[in-house]
Amino acid sequence: MRATLNLPPGFDARTGRFGAYGGRFVAETLMPALDELSEAFFNAWSDPAFHVELDTLLRDYVGRETPLYHAARLSAEVDAQVWLKREDLAHTGAHKINNTIGQVLLARRMGKERIIAETGAGQHGVATATACALLGLRCEVYMGAEDVVRQAPNVKRMELLGAQVHAVRSGSRTLKDAMNEALRDWVTHVQSTYYCVGSAAGPHPYPLIVRELQAVIGREARGQFLRATGRLPHAVLACVGGGSNAIGIFAGFLNDREVALVGVEAAGEGLDGKHAAPLTAGRVGVLHGAKSYLLQTSDGQIAEAHSVSAGLDYPGVGPEHSYLKDTGRAEYIAVSDDAALAAFQQLARLEGILPALESSHAIAALQQIAPRFGTGSHLLVNLSGRGDKDLDTVLAELDRRKA
Amino acid sequence: MGRLAEAFDKARADDRAALVIYLCGGDPSLSATVERILAAAEGGADVIELGVPFSDPSADGETIQHASERALAAGATLPGILEVARTVRARGCEVPILLFGYYNPLLSYGEENVVRDAAAAGVDGFLVVDLPPEEAEGLRRHIANAGLDYVPLVAPTSTEERIAKAGAIASGFVYYVSMTGITGAAATGLSDAARRAAALSPQLGHPVAVGFGVKTPEDAAQVATHADGVVVGSAVVRAAADAPDPSSAARAVRNTVAALAGAVASARR
């Protein structure tokens, strides 16, 4: 339990920026709500009672700490010692729950009676609906109409958990449009409603709140790694969509300069075609309240992202990652749909684990990263979620490639 | 004094509110936008908000979302929108034009570049929906250097401190958002919002126009009874979109604006 907040490197609490990135690019109507949220967050974070409640739920309800697992057969295959941080074993099957439990506790503390969220693949929506069921708050989730079709089981899950799911038919009908619609709801019901953002993105203070709530991954992993090996890993790998699981595990190692941090974006069909890799192949801009790297046209319109993994299918990225890229503290690479699908099958066959397609990108990146560090090196991968949700997609994609 | 402040002064001298009309640039084409601006000016618009379409208009309701989609599908770009302003001026129309939109297209074009090119095109000022005072310093500096106006927003949720900040950085006028919500939403308490805006005006030291949810001449009259200005967007955009062909769309804009202008002119009688 920590009752004080050590601000992240490069972060300015006055401007809400990580270096040049982040800030608050929202309609005036929302500015006071963001001030209120910042104050409530700093207040909660310095209150030991908040941490007792959060940590108890993370332990007894989410199932933390999640294991650190040495993947021996995968290690032999990639010729390096591979360790998996098993966020896939957290309740609801992904790291998303770490964030939603914390934010919904914060919302309740602020006296908000209604929670809204955006979701792409449905994982954050399920995690928000779960936290709301647990804490007895009303929940409404915005989801692109395309994603409602593609991720039908998660829609049913959210509904079983008592949430109302709104299919968003504007724009490209995917995650970015769901976020636009959630912002429209929030600006309309700002007094009564808490907006539970799902990634380390959005206007300040969301990137800070989400990274602090996900930092539990890195704190645990660092301690577990030291206990298991007596040393720190050579490199830490995590997939990056909005970037919450990556910033969560990176947070534990940011001050260990000798540990390489590698974020893995979705190269989709290739970086010269349709992809979801703003850090690797994008340009700085402003979307959804923050300045960060973005996929955009030469005229400043937001470009549609593509990834086989719905959770990475987003044209923006959390601002702290943009800062870590520019400072060189983290390195960002991109992995294609094909490589992620191969890694999905590889982990299933070698370790008996079905990884989420998002996390499969981090597994696939081992092929590029392991040779750099060599046989005896220790590589830590954040296995951010489980792959059961992706079975339909994976089977359809594999069939399509055979045809 | 800029054209925007002049327009509000002139309306005040006539003991009426200024009528501000929003049109989405490039919806459904750049040439149609030129005709609609001229039609709106003929109909009695005192100020035109020329919308720069954006792919992710998160503060807008369906009407302006669809207008933005039409504009982008037809290939509208920021340089094209500036060309609209230039053409309007070339055709002898001096109605004040406020460039209205989201930040990313401006940032992408370059803050200094967009201000320079907008000034050259005959644009009078900027209103950027997702750029609160805290983030606007850079753009404002260029706008001030070019002698253009910067119009900030004040919302029902704005604190006294934030209202004061808006007044300190404003030029031309201040835009008061009538309710917590998005453009084109159902109006709630327009009269109260207009009274609030009228009370803010002396405190801010600038005219205050009220927008969001003002659709009909009756709505406009309610606002115009108290406030320095009335903004109508979605209702005009929809009137044009519902018209069967381009010339009747321009006519629909002129008629809609004329009805609004009539209501505004007689509101205090």
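The values are calculated or read from the model by the stated rules, or taken from the named source; none is laboratory data. Model, not experiment: these values are computed from the prediction. Positions of Cβ are backbone-derived with ideal geometry, glycine not excepted, and every protein chain shown enters the neighbour counts. The protein model used for the area step is the full one, side chains on, heavy atoms only, and it has no ligands, DNA or RNA in it. Shrake-Rupley method; radii C 1.70, N 1.55, O 1.52, S 1.80 Å.
Just a few scattered comments:
- Any hit, the range A:21-35, residues being outside any strand (DSSP E or B), within 29 Å of A:Leu183 (Cα to Cα) and away from every other protein chain (no Cβ under 14 Å): no
- Residue in the range A:270-282 that is open to solvent by 20 Å² or more (accessible area, probe 1.4 Å), in a strand (DSSP E or B), of a type outside the set (A, V, I, L, M) and closer than 27 Å to B:Asn113 by Cβ present: no
- Residues that are within 21 Å of A:Ala200 (Cα to Cα), outside any helix (DSSP H, G or I) and open to solvent by less than 10 Å² (accessible area, probe 1.4 Å) do not occur anywhere in the range A:96-114.
- Residues of the range B:1-40 satisfying the condition of being within 15 Å of B:Asp124 (Cα to Cα) and of a type in the set (A, V, I, L, M, F, W, C): B:Met1, B:Leu4, B:Ala5, B:Ala7, B:Phe8, B:Val20, B:Ile21, B:Ile37
- Restricting attention to the range A:181-223 and to residues that are within 9 Å of another protein chain (Cβ to nearest Cβ), free of Cβ contacts under 8 Å to residues at least 24 places away in the same chain and outside any loop (DSSP other than H, G, I, E, B), the residue that is farthest from the chain's Cα centre (by Cα) turns out to be A:Thr188.
- Unique residue being of a type in the set (Asp, Glu), closer than 30 Å to A:Leu350 by Cβ and open to solvent by 60 Å² or more (accessible area, probe 1.4 Å) when the list is A:Glu53, A:Glu65, A:Glu39: A:Glu65
- Candidates are the residues of the range B:85-104 that are assigned to a loop (DSSP other than H, G, I, E, B) and touching a residue at least 40 places away in the same chain (Cβ under 8 Å); the one that is most open to solvent (accessible area, probe 1.4 Å) is B:Arg91.
- The residues in the range A:140-167 that are open to solvent by 80 Å² or more (accessible area, probe 1.4 Å) and under 13 Å from A:Ala121 (Cβ atoms) can be counted, and the count is 4.
- Residue identified as within 9 Å of chain A (Cβ to nearest Cβ) and either surrounded by fewer than 18 Cβ atoms within 10 Å (Cβ to Cβ) or part of a helix (DSSP H, G or I) (or both) among B:Leu107, B:Leu82, B:Leu139, B:Leu131: B:Leu107
- Odd one out for B:Ser191, checked against (1) more than 20 Å from B:Leu50 (Cβ to Cβ); (2) open to solvent by less than 50 Å² (accessible area, probe 1.4 Å); (3) within 14 Å of chain A (Cβ to nearest Cβ); (4) among the polar types (S, T, N, Q): (3)
- Top-ranked residue in the range B:37-49 [being closer than 29 Å to B:Thr180 by Cα and buried (at least 24 other Cβ atoms within 10 Å of the Cβ); ranked as nearest to the other protein chains (Cβ to nearest Cβ)]: B:Glu49
- Considering residues of the range B:204-235 that are in a helix (DSSP H, G or I) and in contact with an Asp or Glu (Cβ under 9 Å, 6 or more places away or on another chain) only, the residue surrounded by the fewest Cβ atoms within 10 Å (Cβ to Cβ): B:Ala235
- Extreme residue, surrounded by the fewest Cβ atoms within 10 Å (Cβ to Cβ), among residues of the range B:152-186 that are more than 10 Å from chain A (Cβ to nearest Cβ) and in a loop (DSSP other than H, G, I, E, B): B:Ala186
- Going through (1) more than 14 Å from chain B (Cβ to nearest Cβ); (2) assigned to a loop (DSSP other than H, G, I, E, B); (3) open to solvent by 60 Å² or more (accessible area, probe 1.4 Å) one by one, A:Arg14 falls short only on (1).
- Meets criteria (assigned to a strand (DSSP E or B), more than 14 Å from chain B (Cβ to nearest Cβ) and crowded, with 17+ Cβ neighbours inside 10 Å) for A:Ala44: no
- Number of the condition not met by A:Asn6 [criteria: (1) open to solvent by 10 Å² or more (accessible area, probe 1.4 Å); (2) in contact (Cβ under 8 Å) with a residue 24 or more places away in the chain; (3) not in a helix (DSSP H, G or I)]: (2)
Matching residues to (1) closer than 25 Å to A:Gly23 by Cβ; (2) in a strand (DSSP E or B); (3) in contact with an Asp or Glu (Cβ under 9 Å, 6 or more places away or on another chain); (4) not aromatic (Phe, Trp, Tyr):
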{"position": "A:Phe253", "(1), (2), (3), (4)": "no, no, no, no"}
{"position": "A:Asp256", "(1), (2), (3), (4)": "no, no, no, yes"}
{"position": "A:Gly263", "(1), (2), (3), (4)": "yes, yes, yes, yes"}
{"position": "A:Gly285", "(1), (2), (3), (4)": "yes, yes, no, yes"}
{"position": "A:His306", "(1), (2), (3), (4)": "no, no, yes, yes"}
{"position": "A:Gly316", "(1), (2), (3), (4)": "yes, no, no, yes"}
